[in-house]
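Read through the structure below, which is laid out as structure tokens, and then see the notes.
The values are calculated or read from the model by the stated rules, or taken from the named source; none is laboratory data. Predicted, not measured: the structure shown is a model, and the values here were computed from it. Here the Cβ is made from the backbone with ideal geometry for all residues, glycine too, and neighbour counts use every protein chain on show.
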Amino acid sequence: MKNVNFRKVAVIGCGFVGSASAFALMQSGLFTEMVLIDANKTKAEGEALDISHGLPFAKPMKIWAGGYDDVGDAGIIIVTAGAGQKPGETRLDLVKKNVAIFKSIIPEISKRNRDAIMLIVANPVDILTYAAAKLSGYPESRVIGTGTVLDTARLKYLLGQHLAVDPRAVHAFIIGEHGDSEIVAWSCANVSGVPLNDFCEMRGHYDHTEAMRRIAEDVKNSAYEIIEKKNATYYGIAMSVKRVCEAIVRNEESILPVSSVRHGEYGVEDVALSLPAIVGKDGVETSVPLNLSYRETEELKKSADTLKAVIDTIF
């Protein structure tokens, strides 16, 4: 990837998610250049100007509104463009609208840049990650969806609240679809190496089945609740975008539950969904196997089948 600059990022789509992500990235100090691209050029210009006014309190950076020609040397291209999720609408309801948008965006990117890592954020993120991989012709390891990075953060936050412990000490993953068929990998969850149920009992919680059911439902319904209250979610996903970019730019080889096209893990074939993976400068290096229970494995296959059924209507 000699032709790209990993200190330069392009953000395509300047709606709530794109602009919040750009703001988080400006504060991160990861990049020296950031170009914002939107079908509404004036909107992109306004966001670039507004975010730039915070630079005296951050690291030096060039931020501007541009076009597709400006993505040619970007090391990371973040795609947030797409129709937003409306109250009462599932992420999968967005499929046809947003795949059509991707059919116009992704070829424009791949014509100009063959060496970047493409980070897909728009929903339904798993379907669109698969679409971006097919439409771009990029190596599948370099087309990454934010997947269940945010869902996993929500899980850690809620478990931290439940146990009155720092959520950063909670080690647990949401896997599968970023959506209604997502799975909590309870069998692998722990708090600083202590099995989750043991830690719960240490904190005075004994009704594990009910607590797990409630927390899993709260995680799954978080986006719906936020959308009902404020019409969109954007801060949490913006922080998730920043976290994935950190792993790439710093070559951290961090383990994150990103979405990418899978071949064979747990019987899942030719579908993009989230599993823990080592993420670094080349994108997804390898998947990290989890010791899932039989039930969790079967639920993961069902989640994959849900996504596969949608993919089959598009490709």
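Are any residues in segment 132-142 aliphatic (A, V, I, L, M) and either in contact with a Lys or Arg (Cβ under 8 Å, 6 or more places away or on another chain) or not assigned by TED's automatic domain parsing to the domain that holds V99 (or both), and if so, which ones?
Residue satisfying the conditions is L135 alone.
Could you check how many residues of segment 123-147 are free of Cβ contacts under 8 Å to residues at least 40 places away in the same chain and either closer than 16 Å to K308 by Cα or in contact with a strand residue (DSSP E or B) (Cβ under 8 Å, 6 or more places away or on another chain) (or both)?
Summing the residues that are free of Cβ contacts under 8 Å to residues at least 40 places away in the same chain and either closer than 16 Å to K308 by Cα or in contact with a strand residue (DSSP E or B) (Cβ under 8 Å, 6 or more places away or on another chain) (or both) in segment 123-147 gives 2.
Looking at A48, A116 in this structure, which one is touching a Gly at 6+ places or on another chain (Cβ under 8 Å) and crowded, with 16+ Cβ neighbours inside 10 Å?
Of the residues listed, the single one that is touching a Gly at 6+ places or on another chain (Cβ under 8 Å) and crowded, with 16+ Cβ neighbours inside 10 Å is A116.
Might you let me know whether segment 20-39 holds any residue that is touching a residue at least 24 places away in the same chain (Cβ under 8 Å) and over 18 Å from V9 (Cβ atoms)?
yes
Contact list please: Cβ distance under 7 Å, first residue in segment 252-266 and surrounded by fewer than 24 Cβ atoms within 10 Å (Cβ to Cβ), second residue charged (D, E, K, R) and at pLDDT 95 or above, pairs at least six apart or on different chains.
Every condition considered, the pairs that remain are E252/E246; E253/E285; V261/E140; Y266/K301.
Kindly check whether there is at least one residue in segment 203-216 that is in contact with a strand residue (DSSP E or B) (Cβ under 7 Å, 6 or more places away or on another chain) and buried (at least 21 other Cβ atoms within 10 Å of the Cβ).
No, segment 203-216 contains no residue that is in contact with a strand residue (DSSP E or B) (Cβ under 7 Å, 6 or more places away or on another chain) and buried (at least 21 other Cβ atoms within 10 Å of the Cβ).
Report those strands (runs of 3 or more DSSP E) wholly inside segment 40-155 carrying at least 3 residues which are under 19 Å from the mean Cα position of the chain (by Cα).
The strands (runs of 3 or more DSSP E) meeting that bar are 74-79, 117-120, 143-145.
How many residues, within segment 267-315, are under 20 Å from C188 (Cα atoms), without any contact (Cβ under 8 Å) to a residue 40 or more places away in the chain and in a loop (DSSP other than H, G, I, E, B)?
Of the residues in that region, 3 qualify.
Restricting to segment 143-190, and then to whatever is farther than 30 Å from A116 by Cα and aromatic (F, W, Y), can you tell me which residue is surrounded by the fewest Cβ atoms within 10 Å (Cβ to Cβ)?
Checked segment 143-190; the qualifying residue surrounded by the fewest Cβ atoms within 10 Å (Cβ to Cβ) is Y157.
Report, by residue number, each residue of segment 268-288 that is at positive phi and at pLDDT 95 or above.
Within segment 268-288, just G283 meets the criteria.
Answer yes or no as to whether L158 is within 17 Å of the chain's Cα centre (by Cα), within 26 Å of F16 (Cβ to Cβ) and either not in a helix (DSSP H, G or I) or not acidic (D, E) (or both).
The answer is no for L158.
Out of the residues in segment 59-77 that are touching a helix residue (DSSP H, G or I) at 6+ places or on another chain (Cβ under 6 Å) and small (G, A, S), state the one that is surrounded by the fewest Cβ atoms within 10 Å (Cβ to Cβ).
Ranking the qualifying residues of segment 59-77, first place goes to G72.
Residue check: is K8 more than 24 Å from S141 (Cβ to Cβ) and surrounded by fewer than 24 Cβ atoms within 10 Å (Cβ to Cβ)?
No; evaluated as a whole, the condition is false for this residue.
Picking from T90, T32, T80, which residue would you name as being of a type in the set (V, I, T), surrounded by fewer than 18 Cβ atoms within 10 Å (Cβ to Cβ) and either modelled with pLDDT of 95 or more or within 22 Å of K242 (Cα to Cα) (or both)?
Residue meeting the stated conditions: T32.
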